[in-house]
Amino acid sequence: MAGFYSGRVLGIETSCDETAASVVEGAKVLSSIVSSQVEMHKKWGGIVPEAAARAHVESILPVLEEALCGTCPDAIAVTNRPGLVGALSVGVSAAKALALCHDVPFIGVHHLEGHLVSVLTAQTDTPVPHVALIASGGHTELVLVKKWMDYQVLGETLDDAAGEAFDKGARLLGLGYPGGKAVEELARNGDPKRYTLPRTLKGQTLNFSFSGLKTAALRLVENEGERLNKADAAASLQASIVDSLTSKCQNALELTGATALTLVGGVAANSVLRERLRDLCHRYGARFTSPPIEYCTDNAAMIALAGSLRLAAGDFSSFDLDCHPQSPLPPVPG
């Protein structure tokens with residue numbers, strides 16, 4: 001296990017529609033504050049970047065004050081990639097100001113590395129190497145975590161992310177935004193075999209594709225019209241996504257021979273997916289780990305933990321740190 005930075009690390013996350021701050025010491029989360037913009041974006045049915053950035057500006061100081069609770073950080077970690085540039089810049093500007101004010105080191109953190117490290121909040125021994133499935137609204141990737149801070153991307157979506165497929169399906173069914181939780185709740189009373197929807201790329205490939213599912217869901221709604229059973233449609237949609245994710249995880253375990261699988265990202269909050277992957281790991285004699293629900297969606301605790309690992313490895317950022325909408329996972333420090 002890689003070491004953590006000595007002292008308290010403040011994490012800041014503003015990559016999309018949550019303004020979040022957290023303080024960690026070692027692997028222990030001392031505070032985790034999240035101000036969500038979900039209610040604001042509901043009326044538009046999705047994220048409006050300009051509105052998200054303005055909301056971050058309004059929320060960042062109160063969130064930081066609550067997370068710090070009068071203490072001074074020994075170091076700062078902030079998401080600077082990937083994400084909405086306007087949103088990211090709010091967090092990065094705050095991190096630079098605090099680092100300068102308190103004369104402490106800071107580091108820019110990759111948002112997906114934060115998700116990978118979020119399993120440490122589960123307070124269980126997560127062995128490395130292991131296979132990690134990142135599933136969220138903007139990302140779907142299979143990653144081999146050789147050790148912390150040393151990653152190999154095994155497969156990724158060729159078009160849309162799993163979370164995006166949930167959101168699109170929810171809009172088609174009139175369930176609103178965000179869609180993942182609404183689809184899961186409605187699906188509890190539905191028949192997942194009622195409607196046939198496509199699965200992602202078949203065979204041994206580790207890549208994903210959900211654009212065909214979105215198109216098929218649209219056609220289903222149009223063709224069925226008033227005959228459509230929404231609960232059955234939600235269950236069928238969820239089954240397609242869960243089956244696709246599970247089959248690729250199975251391929252990854254077989255290919256790598258890994259003895260552990262982690263599930264991270266917003267879609268990791270889906271109880272059906274968690275149960276399917278737990279069963280998969282049981283069959284393969286592998287360990288399954290996923291963060292507590294509050295650390296699946298975007299949060300700053302995962303950013304603080306990822307930053308703490310990199311700071312301890314001597315990886316620091318300078319004040320010319322920039323924001324990037326797209327970026328590959330970072331290399332090993334040094």
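The values are calculated or read from the model by the stated rules, or taken from the named source; none is laboratory data. Owing to the predicted nature of the structure, the values given are computational and were not obtained by experimental measurement. We place every Cβ from the backbone using ideal geometry, glycine too, and count neighbours over all the protein chains shown. Ligands, DNA and RNA are stripped out before the accessible areas are found, and what is left, the full protein with its side chains, is counted by its heavy atoms. Shrake-Rupley method; radii C 1.70, N 1.55, O 1.52, S 1.80 Å.
If Lys and Arg each add +1 and Asp and Glu each add -1, what is the summed charge of the other residues whose beta carbon sits under 12 Å from the beta carbon of ALA94?
Net charge around ALA94: -1.
Which far-off residues, 5 or more places away or on another chain, put their amide H under 5 Å from the one on ARG287, with H placed in the peptide plane?
For ARG287, the qualifying residues are ALA260, LEU261.
Mind jotting down a quarter of the surface of the convex hull over the alpha carbons of the stretch 3-142, in square nanometres, one decimal?
On the way: hull surface 34.9 nm².
Average of the hull's projected areas for the stretch 3-142 equals 8.7 nm².
Pop the C-beta distance of ILE293 and LYS28 into the FRET formula with R0 = 25 Å and round what comes out to the nearest 0.05.
Values: r = 19 Å, r/R0 = 0.75.
E(calc), rounded to 0.05, equals 0.85.
Just in the stretch 196-271: which trypsin sites (Lys or Arg not before Pro) are loop by DSSP and have at most 12 other Cβ atoms within 10 Å? Mind dumping the intermediate values first?
Values: sites: ARG199, LYS202, LYS214, ARG219, ARG227, LYS230, LYS248; in loops: ARG199, LYS202.
Taking the stretch 196-271 and a limit of 12 other Cβ atoms within 10 Å, the loop trypsin sites (Lys or Arg not before Pro) found are LYS202.
Tell me which residues come under 5 Å, amide H to amide H, from VAL109 once H is placed; ignore anything under 5 positions away on its chain.
Hits under the 5 Å cutoff: VAL78, THR79, ASN80, ARG81.
Quick check for you: which residues of the stretch 230-266 have the amide N under 19 Å from the point 7 Å beyond the Cα of THR205 toward its beta carbon?
The answer is 240-256.
Given the stretch 3-65 reduced to its alpha-carbon atoms as identical point scatterers, what log10 I(q)/I(0) does the Debye formula return at q = 0.16, 0.17, 0.26 Å⁻¹?
Here the Debye-derived log intensity ratios amount to -0.56, -0.61, -1.01.
State the percentage of accessible surface on the chain attributable to carbon and sulfur atoms; use a 1.4 Å probe and exclude ligands, DNA and RNA. If you can, show how the numbers build up before the last one.
On the way: 7110 of 14020 Å².
Carbon and sulfur together cover 51 percent of it.
Checking the a/c ratio against 1.5 first, then a/b against b/c, what shape does the Cα gyration tensor give for the stretch 243-313? Before the final figure, lay out each step's value.
Values: a/c = 2.61, a/b = 1.52, b/c = 1.71.
Cα axes put the stretch 243-313 in the oblate bin.
Subtract the Cα-Cα distance of GLU224 and THR124 from 0.36 nm times their separation in residues, and report this length gain in nm to one decimal. Spell out each step's value before the answer.
Working: separation 100, 0.36 × 100 = 36.00 nm, distance 4.65 nm.
31.3 nm is the gain from fully extending GLU224 to THR124.
Please compute the contact order of the stretch 1-138 in relative form: average sequence separation of alpha-carbon pairs under 8 Å and at least six residues apart, divided by the residue count, as a percent. Intermediate results must be reported in sequence, preceding the final value.
Details: 223 pairs, mean separation 34.6, N = 138.
Across the stretch 1-138, relative contact order equals 25 percent.
Just the projected area, averaged over all directions, of the convex hull on the alpha carbon atoms of the stretch 138-275: how many nm²? Intermediate results must be reported in sequence, preceding the final value.
Values: hull surface 32.9 nm².
If I average the Cα hull's projected area over directions, I get 8.2 nm².
Restricting to the chain, what percent of DSSP beta bridges are antiparallel, rounded to 5?
Working: 26 of 43 bridges.
In the chain, DSSP labels about 60 percent of beta bridges as antiparallel.
At 7 Å along Cα-to-Cβ for each site, give me the label-to-label distance between ASP279 and CYS72 in nm.
5.5
Send over a whole-number figure in Å² for the accessible area per residue of the chain, probe 1.4 Å. Each step should come with its number before you reach the end.
On the way: 14020 Å² over 334 residues.
Per residue, the chain has 42 Å² of solvent-accessible surface.
Could you give the distance between the Cα centres of the stretch 107-179 and the stretch 263-332, to the whole Å?
Taking the Cα centre of the stretch 263-332 as reference, the centre of the stretch 107-179 is 7 Å away.
Please identify every one of the trypsin sites (Lys or Arg not before Pro) in the stretch 9-68 that sits in a loop by DSSP and has no more than 12 other beta carbons within 10 Å of its own beta carbon.
Working: sites: LYS28, LYS42, LYS43, ARG54; in loops: LYS43.
Here the trypsin sites (Lys or Arg not before Pro) that fit, given the DSSP loop and packing criteria, are LYS43.
Separation between the THR259 and VAL38 pseudo-spin-labels, each 7 Å from Cα along Cα→Cβ, expressed in nm?
Simple spin-label model gives 3.8 nm for this pair.
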